[in-house]
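A short worksheet on the structure shown next.
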Amino acid sequence: MIVDSASAFDVRTYLRQEMMPHFLCPGCGHGIALRALLWAVYELGLDKDKLAVVSGIGCAGRLSAYIDANTFHVTHGRPLAYATGLALARPDLHVVVITGDGDCLAIGGNHLIHACRRNLKLTCLMLNNEVYGMTGGQVSPTTSETRLTTTTPLGNSEPNFDACTLAAAAGASFVGREVTHHVPKLKQLIRAGLEHPGFAFIEVLSDCTEIFGRKNELGSSAEMVLRQKSELRPSAYRDTVDSPFRSSDLPTGILTKTERPEYGAAYRTAAAAQRARLAASTDQNKGRT
Amino acid sequence: MNVGQPASAPKLPWRLISGNHACALGAVAAGCRFFAGYPITPSSEIAERLSRLLPLVDGVFVQMEDEIASIAAVIGASMGGVKALTATSGPGFSLKQENIGYAAGAEIPCVIVNVMRGGPSTGMPTRPAQGEIMQSRWGSHGDYPIIVLAPASVREIHDENMRAFDLAEPLRTPVVILYDQDIAQRTETVELGDANGVARAQRKWASGPPAAYQPYATGEDGIPAMSRPGAGYRVHTTGLNHAENGFPTQSPQAVERNLGRLLTKFERHRDLIDSWQTLGCDDAEVLIVAIGISARAALRALEICRARSLRAGLFRPITLWPFPENALREAASQANAVLVPEMNAGQLSLEVGRILGGKRVEAIHRFNGEPITPAEIAQRVETLAREMNQ
């Protein structure tokens, strides 16, 4: 059931007002994703002092600066690796990663698959707008085939990643996908991810109207987002298509949810057991390494 | 000079350990409670030791998926307020450079051990070299300050690793510990003091009302107080050029002010940072300048020279960067010539030549994996002394 707390939720109480106006382009879906995240944070009653947001480089990476929390805007592709250190060192913090399709799947792809495998408690939001928007519109690992970008002037001929299938295959214990059109559903998904006691990977299908949309004559932001609703955009995730927005059964919602040991807790348990063993030992050289 | 053995009578049982083992022990003694690394010869023993040691002190060891992830996780842990270390060797040190620049720019304390092996590229993984003297200072892009320490014995690796944390934390900077494979994997007998209860230098933590807190305020000593996540400050940290409030800026005035402060922040802390050793410099007509295993060879060379009535001295920077320039000038004041034995094609000699402009500076360069011998150094000192006296 979708809890309608929309009337009580004031996003401004979770934003750094001094950073407004934000720098996102008109029509960009990232702001909707940010709102959904903060709405989920509000519903869960997470303490802003204990909330840490780590983001990489790109349009998605810039979002952390707007959030009234402990925010870290790190190097390109590495937010999951920074977040791994932060979450291991500070299990009392709630660590959220905001990343984009290029940041997460291209330069940071290695960190993604190992974060999925490791299952440290982190919530990773990957905002997928199919393009490197910050640098002016180059092809990304999720750009649909045939699409025009500044570096695919003849149309993209590389197949694109299905990030959720990738994350699930790498062992992520929570995988979900949602579109920015369905804001309450997106909020519910992020909320479920924040509550998951392990690594949660969430792909948000966002839209880049100004650069990707304009280049490919995809219409206004509203038109792009409506396509997300009606046709679940990237049919081209698996096959070559002439229209990237034809009907597809690309699933949304929670796609994978399994229970397995959370890495940080497992590590601390093993360490405590070793300390107890040594404390009980009579060996004069105990613990001498 | 006392790089190998402690001068005082041992109060504790002596231990026969390797340089990398001493490095791990020094880290724990300094209060390091987080290590992230990736296997690489010849530094892996540091990770192996810490994987056992850190759980015993409620610390965290993690082997990451690659070298970049390792330094990133270390910086992430330090952002959380925990003293953190990574260790690597040449190829891994190259991979870490971008994020070392991040730590320098965002002023996140951390310690990076680089055990130098042959290069370039994969080079000679099990052979010593000193090829990262310049990279350790200039390896990341842009202008940034960094501290590099260059221990020359197993004991000194332990002690300098402790000092590295005592510099990194209060000065909010990455500190690199640079030593070669020879010292890393040789075993020496050391007496390690009991560090328990010894106060270590601490990070300057933010205090006062959060509304008034500026994460990059200039402050009295040029080092801004850092905020600990969870303490109510909720600040932004970024690798973008930032203003005092921590947020990105492209204002030329704000960037010049803040980057200018960063680039000069060590100046008033040089008493704390600078460290060197001199031997026989008072009357030296030939001064040897060396670090690491080359300095160990130079020590023996000094004995050979003095036995032949050659007046040789040694200047050994322990803090390699920022280079102890004034101390070198003073040590070289009586010398007619300077000899720099180093295991590379010419790095330390460039800096020595720059500082001692006008003096005759020669070098012994070695990049075949074989340490420079005391006899070679003594021979070059003798030749130099003869030429200068002609």
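The values are calculated or read from the model by the stated rules, or taken from the named source; none is laboratory data. None of the values given here were measured: they were computed from a predicted structure. No Cβ is skipped: glycine too gets one built from the backbone with ideal geometry, and neighbour counts run over all protein chains shown.
Could you tell me whether B:A150 is surrounded by 24 or more Cβ atoms within 10 Å (Cβ to Cβ) and in contact with a Ser or Thr (Cβ under 9 Å, 6 or more places away or on another chain)? Break it down into steps so the answer makes sense when it comes.
Working: surrounded by 24 or more Cβ atoms within 10 Å (Cβ to Cβ): yes; in contact with a Ser or Thr (Cβ under 9 Å, 6 or more places away or on another chain): yes.
Yes.
Taking region A:72-87 as the range and being β-branched (V, I, T) and either touching a Leu at 6+ places or on another chain (Cβ under 9 Å) or more than 8 Å from every other protein chain (Cβ to nearest Cβ) (or both) as the test, only A:T84 passes. Inside region B:350-386, residues that are part of a helix (DSSP H, G or I) and touching a residue at least 24 places away in the same chain (Cβ under 8 Å) make up a count of 14. Quick one: count up the residues across region B:54-74 that are over 20 Å from A:A265 (Cβ atoms), in contact with a Ser or Thr (Cβ under 9 Å, 6 or more places away or on another chain) and within 7 Å of chain A (Cβ to nearest Cβ). Summing the residues that are over 20 Å from A:A265 (Cβ atoms), in contact with a Ser or Thr (Cβ under 9 Å, 6 or more places away or on another chain) and within 7 Å of chain A (Cβ to nearest Cβ) in region B:54-74 gives 4.
Here's the yes/no breakdown for (1) more than 17 Å from the chain's Cα centre (by Cα); (2) in the same structural domain as B:N368 (by TED's automatic domain parsing); (3) part of a loop (DSSP other than H, G, I, E, B); (4) not basic (K, R):
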residue	(1), (2), (3), (4)
B:G26	no, no, no, yes
B:C32	no, no, yes, yes
B:P39	yes, no, yes, yes
B:E48	yes, no, no, yes
B:V62	yes, no, no, yes
B:A77	yes, no, no, yes
B:L85	no, no, no, yes
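For region B:203-232, taking the residues that are touching an Asp or Glu at 6+ places or on another chain (Cβ under 9 Å), more than 8 Å from every other protein chain (Cβ to nearest Cβ) and surrounded by 20 or more Cβ atoms within 10 Å (Cβ to Cβ), the one that is farthest from A:G58 (Cα to Cα) is identified as B:I223.
Going through region A:35-65 one residue at a time, which ones are buried (at least 23 other Cβ atoms within 10 Å of the Cβ) and not in a helix (DSSP H, G or I)? Residues satisfying the conditions are A:L51, A:A52, A:V53, A:V54, A:S55, A:G56, A:I57, A:G58, A:C59.
With surrounded by fewer than 24 Cβ atoms within 10 Å (Cβ to Cβ), of a type in the set (K, R), closer than 18 Å to B:Q181 by Cβ and at pLDDT 95 or above as the only criterion, which of B:R137, B:R117, B:R127 stands out?
Numbers: B:R137 fails: closer than 18 Å to B:Q181 by Cβ; B:R117 fails: surrounded by fewer than 24 Cβ atoms within 10 Å (Cβ to Cβ).
Going through B:R137, B:R117, B:R127 in turn, the sole match is B:R127.
Just one of the listed residues (A:D92, A:D103, A:D68) is under 20 Å from A:R117 (Cα atoms) and not aliphatic (A, V, I, L, M), namely A:D103.
Annotation: of all residues in region A:88-112 being facing chain B (nearest Cβ under 8 Å) and assigned to a helix (DSSP H, G or I), the one that is surrounded by the most Cβ atoms within 10 Å (Cβ to Cβ) is A:H111. Which residues, counting only those in region B:301-330, are farther than 20 Å from B:A129 by Cβ and part of a helix (DSSP H, G or I)? B:L302, B:E303, B:I304, B:C305, B:R306, B:A307, B:E325, B:N326, B:A327, B:L328, B:R329, B:E330, listed by residue number. Of all residues in region B:236-289, those being within 14 Å of another protein chain (Cβ to nearest Cβ) and either of a type in the set (S, T, N, Q) or under 23 Å from B:Q202 (Cβ atoms) (or both) number 8.
Taking the criterion of being in a loop (DSSP other than H, G, I, E, B) and more than 30 Å from B:N336 (Cβ to Cβ), would at least one residue in region B:276-291 satisfy it? No, the conditions are met nowhere in region B:276-291. If you go through region A:115-136 and keep only what is buried (at least 20 other Cβ atoms within 10 Å of the Cβ) and out of contact with any Gly (no Cβ under 9 Å at 6 or more places or on another chain), you end up with A:A115, A:E130. For region A:16-24, the count of residues that are assigned to a loop (DSSP other than H, G, I, E, B) and in contact with an Asp or Glu (Cβ under 8 Å, 6 or more places away or on another chain) is at least one. The residue that is surrounded by the fewest Cβ atoms within 10 Å (Cβ to Cβ), counting only those in region B:27-53 that are at the interface with chain A (Cβ under 8 Å from one of its Cβ atoms) and out of contact with any Asp or Glu (no Cβ under 9 Å at 6 or more places or on another chain), is B:R52. The residue list B:P109, B:P120, B:P55, B:P91 contains one member that is in the same structural domain as B:A168 (by TED's automatic domain parsing), under 26 Å from B:M226 (Cβ atoms) and not hydrophobic (A, V, I, L, M, F, W, C), which is B:P109. Within region B:87-103, identify whether any single residue is in a helix (DSSP H, G or I), at the interface with chain A (Cβ under 7 Å from one of its Cβ atoms), among the charged types (D, E, K, R) and without any contact (Cβ under 8 Å) to a residue 24 or more places away in the chain, and answer yes or no. No, region B:87-103 has no match at all. Consider region B:295-354 and keep the residues that are aliphatic (A, V, I, L, M) and surrounded by fewer than 18 Cβ atoms within 10 Å (Cβ to Cβ). The one that is farthest from B:D180 (Cα to Cα) is B:A307. Count of region A:123-177 residues, restricted to those that are part of a strand (DSSP E or B) and of a type in the set (G, A, S), is 1.
Restricting A:G31, A:G85, A:G102 to residues that are closer than 26 Å to B:Y213 by Cα, assigned by TED's automatic domain parsing to the domain that holds A:T135 and either over 20 Å from the mean Cα position of the chain (by Cα) or at pLDDT 95 or above (or both) narrows the list to A:G85.
Given the options B:A201, B:A217, B:A152, B:A231, name the one that is assigned by TED's automatic domain parsing to the domain that holds B:S18, assigned to a loop (DSSP other than H, G, I, E, B) and of a type in the set (G, A, S).
Numbers: B:A201 fails: assigned by TED's automatic domain parsing to the domain that holds B:S18; B:A217 fails: assigned by TED's automatic domain parsing to the domain that holds B:S18; B:A231 fails: assigned by TED's automatic domain parsing to the domain that holds B:S18.
Of the residues listed, the single one that is assigned by TED's automatic domain parsing to the domain that holds B:S18, assigned to a loop (DSSP other than H, G, I, E, B) and of a type in the set (G, A, S) is B:A152.
Restricting B:R186, B:R163, B:R200 to residues that are buried (at least 23 other Cβ atoms within 10 Å of the Cβ), closer than 21 Å to B:A87 by Cβ and among the basic types (K, R) narrows the list to B:R163.
What do you reckon, is A:P184 at pLDDT below 95, in the same structural domain as A:D103 (by TED's automatic domain parsing), assigned to a helix (DSSP H, G or I) and not small (G, A, S)? Working first, answer last.
Working: at pLDDT below 95: yes; in the same structural domain as A:D103 (by TED's automatic domain parsing): yes; assigned to a helix (DSSP H, G or I): yes; not small (G, A, S): yes.
Yes: the conditions hold for A:P184.
Looking only at region A:69-76, decide whether some residue is in a loop (DSSP other than H, G, I, E, B) and among the hydroxyl-bearing types (S, T, Y).
Looking for residues that are in a loop (DSSP other than H, G, I, E, B) and among the hydroxyl-bearing types (S, T, Y), one finds at least one in region A:69-76, hence yes.
Does B:E244 meet the test of being charged (D, E, K, R) and within 26 Å of the chain's Cα centre (by Cα)? So B:E244 does not fit the description; no.
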